[in-house]
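Take a look at the structure set out below.
Values in this text are rule-based calculations from the coordinates and carry no lab data. From a predicted model like this one, the values you see are computed outputs, not experimental measurements. Neighbour counts run over all protein chains shown; Cβ positions are idealised from the backbone, glycine included.
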Amino acid sequence: MKRAFASILLIVALVVATGALALAGHRRQAAQLAQQTAAYQSNRTAHPAAAAAAKTATTTTTAKAGEKAATKTATARAKKLKAVGQGQSLSVAVMGSDIATGKDPAGFQYGVRDYLSKTLGYDVTLSGNWAAGATIGGTGLSQLATVATKAPALLIIAYGTAEQDPTNNFYAQPDTLRANLAMLLSRTKTALPDTRVVVLTSWRHGTDGAAYDAVIKTTAQAAGAQVVDLTTVWQAAANQTAANQPTEAGQRAIAQAVIKQALVKAYVPKALQ
């Protein structure tokens, strides 16, 4: 009995000793971890510049990676856009008055041409009949036959501005403009049934411009033509001269309006718009 009891005491002592050693080990590990954490925090506090530099380096690397990815995506998109019209010819004609009289490359029609050729890859031929002070009743109707000989795939019509000028020999009230534009569009449909027709609102004169633009919109839409609204373009002071003519910035803005409101929808695949 004494020997058995002694064995039991020995076993108990071993278990207690083992537990004590394990507890001591856990405490020592916890103390080491606390020391390491404190040292790390102290190092960060002592060297804020190094921490900031590391953070900046990480941010810069991320930004450069983002820029590289964006550039790659833009390049890929540009190649796809360039392929839209590759190997295809596109004839473009413009009829109009003052807003169409800018010289190459300042006039809006040249910006339109460059978009179709340089961005979309078409082989573009540009022609047309435009002159300062031109109106539909004065020259537009009579010049349609000449424009039709070019058989344009795209025709841009930009009248309604000179009609608002009382000093013009062919000054027209809104109702007269309505009748003339309807006649021009009707004859255009007959002469050029497959031509895409885009009609621009006016470069307004005076306070009656809204009435003329309303006529242009409703008449063009009724004829199945697409309308490009230039209201926000001519309202920008930087886009017009003291003589109420488009500046070079204004001509570029007109070109962008035509591109965004008409050409992208007509020529760019939806996946690339």
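The amide H of Ala134, built 1.01 Å from its N in the peptide plane, has Asp98 as neighbours under 5 Å, considering only residues 5 or more places off or on other chains.
Computed 3J(HN,Hα) for the stretch 86-103, one whole-Hz value per residue from the Karplus formula 6.51 cos²θ - 1.76 cosθ + 1.60 where θ = phi - 60°, is 4, x, 10, 9, 9, 9, 10, 10, 10, 10, x, 10, 3, 6, 9, 9, x, 7, glycine and proline marked x.
Taking the alpha-carbon centroid of each part, what is the distance from the stretch 133-185 to the stretch 94-122 in angstrom? The stretch 133-185 and the stretch 94-122 have Cα centres separated by 19 Å. 3J(HN,Hα) couplings calculated from phi for the stretch 106-122 with the Karplus curve 6.51 cos²θ - 1.76 cosθ + 1.60 (θ = phi - 60°) are, in sequence order, 6, x, 4, 5, 6, x, 5, 4, 5, 5, 5, 8, 7, 8, 9, x, 6 Hz; Gly and Pro show x.
Percent of alpha carbon pairs in the stretch 207-271 separated by more than 18 Å? It works out to 48 percent of all Cα pairs. Does the stretch 148-273 come out rounded, prolate or oblate by the C-alpha gyration tensor, with a ≥ b ≥ c the root eigenvalues, rounded set by a/c under 1.5 and, if not, prolate when a/b is larger than b/c and oblate if not? Note, shape of the stretch 148-273 comes out oblate. Taking amide H atoms as placed 1.01 Å from N in the peptide plane, the amide H of Gly128 lies under 5 Å from those of Val94, each 5 or more residues away in sequence or on another chain.
Phi angles of the stretch 249-260 translate, via the Karplus equation with coefficients 6.51, -1.76, 1.60 and θ = phi - 60°, into HN-Hα couplings of 5, x, 4, 5, 5, 4, 4, 5, 5, 4, 4, 5 Hz per residue; Gly and Pro are given as x. Here's the picture: charge each Lys and Arg Cβ at +1 and each Asp and Glu Cβ at -1 in the stretch 90-241, and of Gly121, Ala145, Trp203 the one pushed furthest to the positive end of that dipole is Gly121.
Can you give me the relative contact order of the stretch 66-153 as a percent, contacts being Cα pairs under 8 Å and 6 or more apart? Could you put the intermediate results ahead of the total?
Details: 112 pairs, mean separation 32.4, N = 88.
For the stretch 66-153, the relative contact order is 37 percent.
The Rg/Rh ratio of the stretch 129-214, with both radii computed over alpha carbons and Rh defined as the Kirkwood radius, is 0.96.
One decimal place: the segment Thr146-Gln173 gains 7.1 nm when fully extended, by the rule 0.36 nm per residue minus the C-alpha distance. Relative contact order, whole percent, for the stretch 138-253 stands at 25, derived from Cα pairs under 8 Å and 6 or more residues apart.
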